[in-house]
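To start, the structure under review is shown below, and the notes come after it.
Nothing in this text is a laboratory measurement; each read-out follows from the coordinates by a stated rule. Small disclaimer: the values here were computed from a predicted structure and weren't measured. FYI the Cβ positions are ideal-geometry reconstructions off the backbone, even for glycines, and counts take in every protein chain you see.
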Amino acid sequence: MRHADELRRLLLQDALRMEALKTVASLGLENGWIGAGLVRDAVWDRLHQRPARPPCGDVDVVWFDARQSGEEIDNLLEQRLRKMRPDFDWSVKNQARMHERNHDRPYHNVEDALRYWPETATAVAVRLCGSDQIDIIAPFGLDDLFALRLRPTPRFQQEKRAIFDERIRRKRWLERYPQLVLSVD
């Protein structure tokens, strides 16, 4: 995958993000990842020549286990994460149940769930394997993320376009990252 090594280097050089990855890895979730803003903002900050800074908003921990899809397990995992690292605003979501909230067909795994996230640059997740190996899943690749291209995923191009537009407004990405290019072909 193009830009994968660049993303790995960027994260390995970011002590705060590495701490988040280590904390999630310590939970021992078989399929636990950190996605969305923690990754996206690290790249966009770097491309805007800004120093590494704490995540803006919550740290999205995604995992998949169809046998344990109750929300109470996510809440327990959030509590554990908060005890270990209270400086992060943790948000844990088992993707095995998120299709219901999002009015999609059931997801098969974390990567499949990412296909239904609103923006291609946000549909990226990483996890720490070992002490310095970072795995990456990005069903739409990393090109848009590194090209500063804000593009909706297929479901958000028309059917869920209002959600995509609202996220842009609410998160103020075009103000926070002036080099972003909105691409809604």
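Brief remarks on what is shown
- Check: the range 89-133 dipole with +1 on Lys, Arg Cβ and -1 on Asp, Glu Cβ, in debye: 160
- Where only C-alpha atoms are counted, convex hull volume of the range 138-185 per residue in Å³: 76
- Range of Cα positions in the range 4-148 per principal axis (Å), largest first: 42, 32, 26
- Relative contact order, percent, the chain [alpha-carbon distance under 8 Å, six or more residues apart]: 22
- Potential lengthening of the chain between N109 and C129 amounts to 5.4 nm, from the contour at 0.36 nm per residue minus the alpha-carbon distance.
- Proximal lysines relative to K160, as straight alpha-carbon distance under 28 Å, when same-chain residues fewer than 8 apart are discounted: K93, K171
- Amide H contacts for D89 (H built 1.01 Å from N in the peptide plane; partners 5 or more residues away or on another chain; cut-off under 5 Å): V59.
- Here is the P(r) of the range 8-60: all C-alpha pair distances, binned every 10 Å from 0, give 24, 57, 17, 2 in whole percents.
- Taking 7 Å steps out from each Cα toward its Cβ at D58 and S183 produces label points 2.9 nm apart.
- A straight chain from R101 to A147 at 0.36 nm per residue would run longer than the Cα-Cα distance by 13.5 nm.
- Bridge type composition, the range 60-179 - antiparallel percent by DSSP, nearest 5: 60
- Computed FRET value (nearest 0.05) for R176 with Q13, which takes r as the C-beta separation and R₀ as 22 Å: 0.55
- Alpha-carbon centroids, the range 1-52 and the range 115-139: separation in whole Å: 8
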